[in-house]
Amino acid sequence: EARSFLDSTHPEKRARLIDALLAHEGYAMHFYHFWADILRAKSEETRRLHHSAYCQYIRDSLRANRPYDEWARELVSSLGDTWDHPATGYYLRDTGMPLDNLANTIRVFLGTRIECAQCHDHPFDKWKQMDFYKLAAFTHGVDIKTFKEVSPFRETLDLIGPYKGPERPKMPTALSNSLGVMNYTGAIWRGLPLKLPHDYQYDDAKPHDLVSPSVPFGKAGPTGEGAEQLQTFAGWMTAPGDPRFTTVIVNRLWKKLFGAGVIDPVDDLTDQSQPAIPELESFLEIRMREGGYDLKAFLRMVLNTRAYQAGTVHEEPAPGVPAAFTGPYLRRFTAEQAWDSFVALINPTPEMRNAIREEFLRRRLAYAEDFNAAMTAQTPEELFENVRRASAVYVKNALATQAWQEEF
């Protein structure tokens with residue numbers, strides 16, 4: 001590839017190479033690592049189906065070059081089953097930690113470290129503890145879907161309760177085991193109210209007061225009822241006029257390419273944050289908005305600039321000194337780049353999609369969906385009888401094992 005590029009006499013060979021690389025599968029593979037770190041996606045090597053589906057969702061969104069604002073809205077507003085809505089992995093990643101999830105959401109998409117305000121008014125920024133809880137009230141009602149949400153589950157337990165047969169001791173376990181594949185299969189709106197902590201110490205409310213959702217800056221539409229709150233929150237967060245949503249994404253991508261953001265750090269913005277080159281920052285944000293948050297189009301624009309194509313800068317950016325961006329900063333390989341280099345040594349097509357893994361995931365999702373449909377189609381009486389029969393086998397095997405133990 002290097003020889004082909006150097007030998008080419010085409011006047012637009014660099015632009016053509018950029019287009020080819022952005023259209024290549026390697027783009028999705030490389031930027032998957034970038035976004036998996038930012039979104040804290042967990043390894044696919046897990047028994048919980050939603051992690052694998054979530055990782056695949058990130059890859060597919062990059063391959064399809066989905067608009068970034070659309071993608072971000074979907075991540076923070078999706079509910080439903082994993083096989084239909086894999087973006088729910090964003091919430092399932094932080095199961096049982098809704099306040100931490102909110103803090104990360106604001107940092108990832110709005111570049112604001114509001115987590116200090118979870119425990120007290122922010123000591124170095126304008127955020128109040130009440131601001132944090134009002135924001136958290138938008139998303140606090142999201143919870144995992146488990147087999148306990150399946151309609152015949154509780155009715156079947158009611159039938160098991162008074163049953164006196166010999167299978168009775170094993171039946172709750174058999175029921176849980178039979179429905180276990182449906183654990184962590186999606187996100188639901190449970191609508192749990194959010195209250196202020198027991199040690200809330202400010203004059204605008206009392207400890208344990210209920211908190212209603214509202215935004216600390218910008219404008220949001222009516223909060224709506226129930227899960228509609230997620231749509232309101234997502235719309236507010238990704239609004240083109242939002243003072244930070246566009247700023248954060250252009251700085252993340254600029255830093256990815258150059259090694260330093262126009263505003264740095266990219267995820268600790270305050271009202272005092274100043275861009276190294278204000279005109280550049282303004283230009284990048286305008287182009288991102290006008291381009292419909294097309295990430296590839298934005299990258300293509302920056303990659304074709306003389307600044308990016310200039311020689312690398314070998315000195316590290318000095319803390320507190322605005323960068324001039326006379327060229328990209330020289331950086332070490334990332335761990336992922338080092339790994340990919342080893343793969344390239346032994347694999348003639350290192351950027352080939354892993355069809356086996358994708359097919360395995362597709363089958364797992366299809367199985368979970370079919371299983372869910374089969375279980376929910378049963379009446380409580382049918383499910384009770386199937387659980388009773390399974391428990392009878394458990395009891396038989398347990399008695400046989402006990403007899404062998406006594407004999408030997």
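The values are calculated or read from the model by the stated rules, or taken from the named source; none is laboratory data. Just so it is clear, the model here is predicted, and its values are computed rather than measured. No Cβ is skipped: glycine too gets one built from the backbone with ideal geometry, and neighbour counts run over all protein chains shown. Areas reflect the complete protein model, heavy atoms only, side chains present, ligands, DNA and RNA absent. Shrake-Rupley method; radii C 1.70, N 1.55, O 1.52, S 1.80 Å.
Longer than 25 Å from Cα to Cα, which of Lys145/Lys219; Lys128/Lys195; Lys134/Lys206; Lys42/Lys145 are they? Say none if no pair is. Listed pairs above 25 Å: Lys145/Lys219.
Rolling a 1.4 Å probe over the protein heavy atoms gives the range 306-408 an accessible area of 77 Å² per residue.
Averaging 1/r over each pair of different alpha-carbon atoms in the range 214-319 and inverting the result gives 15.5 Å, the Kirkwood hydrodynamic radius.
Within the range 1-105, the trypsin sites (Lys or Arg not before Pro) that combine a DSSP coil assignment with at most 14 other C-beta atoms in a 10 angstrom radius are Arg40, Arg47.
Treating only the Cβ of Lys, Arg, Asp and Glu as charged (+1, +1, -1, -1), what charge dipole size does the chain show about its Cα centre? Round to the nearest 20 debye. My answer is approximately 580 debye. On a 0 to 90 degree scale, rounded to 10, what angle separates helix 68-77 from the longest Cα axis of the chain? Approximately 30 degrees, to the nearest 10.
Summed over qualifying helices (DSSP H, 4 residues or more, each -39500 (n - 2.57)) and divided by its residue number, the chain shows a 222 nm mean residue ellipticity of -16500 deg cm²/dmol. Carbon and sulfur together cover what percent of the accessible area of the chain at a 1.4 Å probe radius? Using a 1.4 Å probe with all protein chains present, the chain comes out at 55 percent carbon and sulfur.
Derived from the Cα gyration tensor, the three semi-axes of the equivalent ellipsoid of the chain are 47, 31, 18 Å, largest first. Quick one: pull the percentage of alpha-carbon pairs in the range 1-135 with a separation above 28 Å. It works out to 36 percent of all Cα pairs.
Taking a point 7 Å out from the Cα of Arg389 in the direction of its Cβ, the residues of the range 362-382 whose backbone N falls within less than 17 Å of it are 374-382.
Stretching the chain fully between Arg63 and Arg289 yields a gain of 79.3 nm (0.36 nm per residue, less the alpha carbon separation). Once the Kirkwood radius over Cα pairs is known for the range 1-49, the Stokes-Einstein relation at 10 °C and 1.306 mPa s delivers a diffusion coefficient of 118 µm²/s.
For the range 21-81, count all C-alpha to C-alpha pairs, find those more than 14 Å apart, and express that count as a whole percent of the total. Tail of P(r) above 14 Å: 59 percent of Cα pairs.
Per residue, the solvent-accessible area of the range 1-103 (1.4 Å probe, heavy atoms of protein chains only, all protein chains present) comes to 48 Å². Across the range 250-408, Cα-Cα pairs farther apart than 25 Å form 63% of the total. Multiplying the residue separation of Leu17 and Lys256 by 0.36 nm and subtracting their alpha-carbon distance yields 84.2 nm. Kirkwood's formula applied to the C-alpha pairs of the range 62-214 gives a hydrodynamic radius of 18.2 angstrom.
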